[in-house]
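Participant: Can you read through this structure? Questions will come right after.
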Protein chains: 2
Amino acid sequence: MFDKYQYIQVNLEHLKKNYLKLKSFLNSNKTICSAVVKANAYGLGIKEVSQALYEVGCRNFWVTNLKEAFLVRCVSIESNIYIFQGINSYEELEVIKENNFIPVVSSIEQLNLINLYVKDKVNIVLNFDTGIGREGVQIEEIKQLNLEKCKIELIMSHLSCSEQKEHFLNKEQLDLFKNIQDLFVDAKFTLANSGGIFLGHEYHFNMVRPGSALYGVNILEDNNDVKMLNVVEFYASVLNRKIFYKKQYIGYNATYKVNKGDKVLIINAGYYDGYRRILSNKSMVYSKGYFLPVIGIVSMNMIAVNANALPESLFKKIKSVELIGEKITIKEIAKWANTDQREILTNISSSSRRIYIK
Amino acid sequence: MFDKYQYIQVNLEHLKKNYLKLKSFLNSNKTICSAVVKANAYGLGIKEVSQALYEVGCRNFWVTNLKEAFLVRCVSIESNIYIFQGINSYEELEVIKENNFIPVVSSIEQLNLINLYVKDKVNIVLNFDTGIGREGVQIEEIKQLNLEKCKIELIMSHLSCSEQKEHFLNKEQLDLFKNIQDLFVDAKFTLANSGGIFLGHEYHFNMVRPGSALYGVNILEDNNDVKMLNVVEFYASVLNRKIFYKKQYIGYNATYKVNKGDKVLIINAGYYDGYRRILSNKSMVYSKGYFLPVIGIVSMNMIAVNANALPESLFKKIKSVELIGEKITIKEIAKWANTDQREILTNISSSSRRIYIK
C-alpha cells in the first residue's frame, strides 16, 4: 500500500545527540535541560521524540495542550509536563489536576479560574511578559496577582529576539526577568529557548527550554561547536521520467518552458505534502551527487525537476530524490521559501510515512 | 480534552450543492460529473467528502494513490475509482486488479509494467500530455503504445491554464485533445478540471473532473451564476486578552509595536495549524461584526490580533474568532499569502478537530 520510496526519516539518534550537546553548554549544577515537544514535536511525532529524549535523561517536557500532555504521559509517568496553553476552563483544570500536569499561567484571567475553582493548591508555571508581548502576565500586574491557590514550580518568560545575538531586547528582557527574580526569592526560573541558550550562562537560570535546536534547526552561522545534527530527511519517489520531443511549457500557468531533448523527472510530492508552492522555479532536489532544479509551479501532489545533469543510466534507474535532508537543508529550503525553518518543519505533511532511526 | 472553540467545520451540504451546480452546467445526455477527492479531498476528509458526493449521485472518484482508493472504496463498492499516480510496481498492479481500481497510465514505462505482468486485461485511463508537461504520454509517442493488455475506460488530458479563460494554451490543448479523439474512435474522453468546466461545453467531452470548485474555491470573478458555496470554516479560540500598560513590541523579532491601552487578543492557532507565517502583519480575523488585524509575526501555535475595534463588553467575553470562512474567504487569505487557494485548503492542519455539517 505504501510507496516505498516516499517517506520522512526522523533520526532519533541525532535528536538525542542534539539534546546532549545543548545540555553540555549548561552549568550542570544549576541548570536543567528540558525539551519543547509542542506542535507534535514540531511535526516529527511527539511520542517517538519524547521517548528518545527520555532515554537520554530528559524529564521535563513542554507541550501545547492537554491532548499532547497525555501523549507525553504515555512515555513517562514521572516526568514534569508543562502545558503552554494553561487552563482555559473548569473541565481542563480538573483533568490537569488529576493527571499532575503543570499548566502555564499567562494571565490574570487564568489565575482567576484557579482561584475560583481550586480547593487546595495547583502546581503552576507563572509566565511573565518581559517583551514578547504575545503571552504572559504584564509586570505592571504583579501586585494584582493572587497566588494563594498556586504552588509555583517555575517562573518563566520568553525571549522575542534571541536569534539575533546583538538585539537590544535580549538584554532588556534579561534585566526585567532579573527584577522579577528579586520578587520571588524561593522560586526557580526559566527564560531561554534554543536561541537563548547560545546567549550565554546568564540567560540559563534554573532551566532552559530548547525546541527547534533539538530538531536540527541551525540558526547561528555554521560553526561546528554549536552545529546541531540534521534530524529530518524527506524523500519522494520518481513517478515518471520524460524526455521532451519538442519545446513546450511545463506545469500550471505555463511558467517554465522545456526544450526539445530536455530530461525531466516527475516527483510525487507537492504542496499537500508540505513542499511549498513558493518553491516553484526556485528550489532544488538532490540525488546521488546531483542537484536538480524544480521547474514550473509546484502542484498539489507533484513537482517536476530538470534532470539534464543526470547521466543517461542514472536517469533511467533513479527511484527517489531527497527533498529535505543532509544535502538540501531545512535552512536552505526556508531561505528559498522566504520563511522560518520551523514553518518548513511543522508543515511537512503527516500524510507521508515516517521512519524513525533509533 | 478538546478545545470547544477551535475547530474546522466542513459544510457537506454546501459541498453537495456545489456538485449539483457544477453538474447543471453539463449536457446531461453526454457528460458525467466525477469528483476529484485526491489529497484527502483537498485536506477536508476523503471519506466524509466521498460519502456526501455519493449521496447526490457521484459514482466516479479520482484519488492520488492506492491508500486513498481504499478509503473511497469503503464508501462505495460500485463506484469507479481512478488513481492518478497509476501503477508503479508489480505489487501495486496486483492490488489494483483485485480491487477493481482504475489506474491512470501516464507513461510508456507504466504501460510496460502492465504488458510485462498482466495476463488478461486491465482497465485503465490513458493520460496524454497536451500541454501541462508534467504528466502524460507525449503525443509523439502514440505509435509506440502497446495497448493490447489494456481496456481503455477513458482517455484524459489535463489543462494547464484553465483558470485564465483567454489563455492561448486552452484552445491549443483542446485542439490537440480532439486530434487524439480522432485516433480512438470508440473511447470516452475527459479533459476539464474545475476551470475547464467554465470554458464551455466544448471542453466537457464525456466526463468532467472538478476538484477545487467542489470545495468552494472561486476562481472566476464574483458572479452569482458560477459562485460556489463556501465549504470550510476555521475557528480558533481566544487564549488571552491583554490591555497594554505601555508601548511595547509584540511577537518574535519585534516587528510590531502596540501602544499603551491597546487591546489585543491572543488566538490559539499558528503556522503549525496551517495559518501561514506569511500572513504576519497582513491578514485579519473576524468575529461578531468586527474584522481584527493580525499583528506581529504568526507563531507556531498563536497569533495576536489588534482588538481595539471591539466594544469593551465584547472584548471581555469573546471566545473565538473566524480565521477562514464566510467573512474571511479562502480567496482573501490566498491573496494575503500570495499563493493559490488550494494550498491554503490543503495545508489546514489535521491537528484541528473537524466538524461535518450534513
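Participant: Considering only segment B:177-187, I want to know if a residue exists there that is open to solvent by 40 Å² or more (accessible area, probe 1.4 Å), at pLDDT below 95 and in contact with a helix residue (DSSP H, G or I) (Cβ under 6 Å, 6 or more places away or on another chain).
Facilitator: Within segment B:177-187, none of the residues are open to solvent by 40 Å² or more (accessible area, probe 1.4 Å), at pLDDT below 95 and in contact with a helix residue (DSSP H, G or I) (Cβ under 6 Å, 6 or more places away or on another chain).
Participant: Still on this structure, please answer the following. Filter segment A:46-76 down to the residues that are more than 15 Å from A:Val125 (Cβ to Cβ), under 18 Å from the mean Cα position of the chain (by Cα) and open to solvent by 10 Å² or more (accessible area, probe 1.4 Å) and list them by number.
Facilitator: Passing the criteria: A:Lys47, A:Glu48, A:Gln51, A:Tyr54, A:Lys67, A:Glu68, A:Leu71.
Participant: Which of the residues belonging to segment B:316-340 are touching a strand residue (DSSP E or B) at 6+ places or on another chain (Cβ under 8 Å), within 14 Å of chain A (Cβ to nearest Cβ) and open to solvent by 10 Å² or more (accessible area, probe 1.4 Å)?
Facilitator: Result: B:Lys316, B:Lys319, B:Ser320.
Participant: While we're here: Can you pull out every residue in segment B:30-39 that is open to solvent by less than 10 Å² (accessible area, probe 1.4 Å) and more than 15 Å from B:Met207 (Cα to Cα)?
Facilitator: Matches in segment B:30-39: B:Val37, B:Ala39.
Participant: Could you tell me whether B:Ile87 is surrounded by 14 or more Cβ atoms within 10 Å (Cβ to Cβ) and in contact with a Cys (Cβ under 6 Å, 6 or more places away or on another chain)? Quick ask: steps written out before the conclusion?
Facilitator: Working: surrounded by 14 or more Cβ atoms within 10 Å (Cβ to Cβ): yes; in contact with a Cys (Cβ under 6 Å, 6 or more places away or on another chain): no.
Answer is no for this residue.
Participant: So, one more: Which ones in segment A:95-141 are assigned to a helix (DSSP H, G or I), in contact with a strand residue (DSSP E or B) (Cβ under 8 Å, 6 or more places away or on another chain) and within 12 Å of another protein chain (Cβ to nearest Cβ)? Steps first, please.
Facilitator: First pass over segment A:95-141, keeping only residues assigned to a helix (DSSP H, G or I): A:95-98, A:108-117, A:139-141.
Narrowing further to those that are in contact with a strand residue (DSSP E or B) (Cβ under 8 Å, 6 or more places away or on another chain): A:96-97, A:108-111, A:114, A:139.
Hits for segment A:95-141 are A:Ile96, A:Ile108, A:Glu109, A:Gln110, A:Leu111, A:Ile139.
Participant: Quick test of your reading of the structure: A:Tyr42 fulfils all but one of (1) crowded, with 20+ Cβ neighbours inside 10 Å; (2) away from chain B (no Cβ under 14 Å); (3) in contact (Cβ under 8 Å) with a residue 24 or more places away in the chain. Name the failing condition by number.
Facilitator: (2)
Participant: Looking at B:Glu202, B:Glu166, B:Glu221, which is the one that is farther than 30 Å from B:Asp120 by Cβ, surrounded by fewer than 20 Cβ atoms within 10 Å (Cβ to Cβ) and modelled with pLDDT of 95 or more?
Facilitator: Numbers: B:Glu166 fails: modelled with pLDDT of 95 or more; B:Glu221 fails: modelled with pLDDT of 95 or more.
Only one candidate passes the filter, namely B:Glu202.
Participant: Do you know which residues across segment A:330-344 are of a type outside the set (Phe, Trp, Tyr) and in a helix (DSSP H, G or I)? If you could, list the steps in order and put the result at the bottom.
Facilitator: Initial filter on segment A:330-344 (of a type outside the set (Phe, Trp, Tyr)): A:330-335, A:337-344.
Once the filter is applied, which keeps residues that are of a type outside the set (Phe, Trp, Tyr) and in a helix (DSSP H, G or I), segment A:330-344 yields A:Ile330, A:Lys331, A:Glu332, A:Ile333, A:Ala334, A:Lys335, A:Gln341, A:Arg342, A:Glu343, A:Ile344.
Participant: Follow-up. What is the number of the single condition among (1) under 16 Å from A:Ile102 (Cα atoms); (2) in contact with a helix residue (DSSP H, G or I) (Cβ under 9 Å, 6 or more places away or on another chain); (3) away from chain B (no Cβ under 14 Å); (4) touching a residue at least 40 places away in the same chain (Cβ under 8 Å) that A:Asn60 does not meet?
Facilitator: (2)
Participant: Is it the case, given these coordinates, that B:Arg241 is in the same structural domain as B:Ile297 (by the TED database) and among the basic types (Lys, Arg)?
Facilitator: Details: in the same structural domain as B:Ile297 (by the TED database): yes; among the basic types (Lys, Arg): yes.
Answer is yes for this residue.
Participant: Say we look at segment A:6-29 and pick out the residues that are buried (at least 18 other Cβ atoms within 10 Å of the Cβ) and aliphatic (A, V, I, L, M); which of these is nearest to A:Ser237 (Cα to Cα)?
Facilitator: The selected residue is A:Ile8.
Participant: Moving on. Mind listing whichever residues of segment A:77-106 are free of Cβ contacts under 8 Å to residues at least 60 places away in the same chain and polar (S, T, N, Q)? Spell out how you get there, then give the answer.
Facilitator: Narrowing segment A:77-106 to residues free of Cβ contacts under 8 Å to residues at least 60 places away in the same chain: A:77-79, A:81, A:83-106.
If the condition is that a residue be free of Cβ contacts under 8 Å to residues at least 60 places away in the same chain and polar (S, T, N, Q), then A:Ser79, A:Gln85, A:Asn88, A:Ser89, A:Asn99, A:Asn100, A:Ser106 are the ones that fit.
Participant: Within segment A:220-305, which strands (runs of 3 or more DSSP E) (wholly inside it) include 1 or more residues that are more than 8 Å from chain B (Cβ to nearest Cβ) and of a type in the set (D, E, K, R)? So that I can check it myself, show each step before the final result.
Facilitator: Values: elements: A:232-243, A:248-250, A:256-258, A:263-267, A:284-287, A:290-295.
Of the strands (runs of 3 or more DSSP E) lying wholly inside segment A:220-305, those with at least 1 residues that are more than 8 Å from chain B (Cβ to nearest Cβ) and of a type in the set (D, E, K, R) span A:232-243, A:256-258, A:263-267.
Participant: Which pairs have Cβ atoms under 6 Å, sit 6 or more apart or on different chains, and link a residue in segment A:273-285 that is over 15 Å from A:Ile348 (Cβ atoms) to one that is of a type in the set (Val, Ile, Thr) and crowded, with 20+ Cβ neighbours inside 10 Å?
Facilitator: If the second residue must be of a type in the set (Val, Ile, Thr) and crowded, with 20+ Cβ neighbours inside 10 Å, the pairs left are A:Ser280/A:Ile297; A:Ser280/A:Val298.
Here's the yes/no breakdown for (1) in the same structural domain as B:Pro210 (by the TED database); (2) out of contact with any Leu (no Cβ under 9 Å at 6 or more places or on another chain); (3) within 21 Å of A:Gly251 (Cβ to Cβ):
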site: B:Phe128; (1), (2), (3): yes, no, yes
site: B:Gln138; (1), (2), (3): yes, yes, yes
site: B:Lys149; (1), (2), (3): yes, no, no
site: B:Ile152; (1), (2), (3): yes, no, no
site: B:Ser157; (1), (2), (3): yes, no, yes
site: B:Phe168; (1), (2), (3): yes, yes, yes
site: B:Asp175; (1), (2), (3): yes, yes, yes
site: B:Thr190; (1), (2), (3): yes, no, yes
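Participant: Considering only segment A:250-270, state which residues are open to solvent by 10 Å² or more (accessible area, probe 1.4 Å), touching a residue at least 24 places away in the same chain (Cβ under 8 Å) and touching a helix residue (DSSP H, G or I) at 6+ places or on another chain (Cβ under 8 Å).
Facilitator: Within segment A:250-270, the first condition is being open to solvent by 10 Å² or more (accessible area, probe 1.4 Å), and the residues that meet it are A:252-257, A:259-263.
If we keep only those that are touching a residue at least 24 places away in the same chain (Cβ under 8 Å) as well, we get A:252-253, A:255-256, A:262-263.
Passing the criteria: only A:Lys263.
Participant: Would you mind telling me which numbered condition in (1) of a type in the set (A, V, I, L, M); (2) within 32 Å of the chain's Cα centre (by Cα); (3) more than 14 Å from chain B (Cβ to nearest Cβ); (4) open to solvent by less than 40 Å² (accessible area, probe 1.4 Å) A:Leu310 fails?
Facilitator: (2)
Participant: Moving on. So how many residues does segment A:341-358 have that are more than 9 Å from the chain's Cα centre (by Cα) and open to solvent by 30 Å² or more (accessible area, probe 1.4 Å)?
Facilitator: So the count comes out to 8.
Participant: Turning to a different aspect of this structure: Scan (1) touching a Leu at 6+ places or on another chain (Cβ under 8 Å); (2) within 12 Å of chain A (Cβ to nearest Cβ); (3) aromatic (Phe, Trp, Tyr) for the single condition B:Phe84 breaks and write down its number.
Facilitator: Going through the list (1) touching a Leu at 6+ places or on another chain (Cβ under 8 Å); (2) within 12 Å of chain A (Cβ to nearest Cβ); (3) aromatic (Phe, Trp, Tyr), B:Phe84 breaks only (1).
Participant: For segment B:147-163, name all the residues that are in contact with a helix residue (DSSP H, G or I) (Cβ under 7 Å, 6 or more places away or on another chain) and closer than 12 Å to B:Leu126 by Cβ.
Facilitator: Within segment B:147-163, B:Cys150, B:Ile155, B:Ser157 meet the criteria.
The values are calculated or read from the model by the stated rules, or taken from the named source; none is laboratory data. None of these values were measured; they are calculated from a predicted model. Note that we place each Cβ from the backbone using ideal geometry, even for glycine, and neighbour counts take in every protein chain shown. The area values use the complete protein model at the heavy-atom level, side chains included, leaving out ligands, DNA and RNA. Shrake-Rupley method; radii C 1.70, N 1.55, O 1.52, S 1.80 Å.
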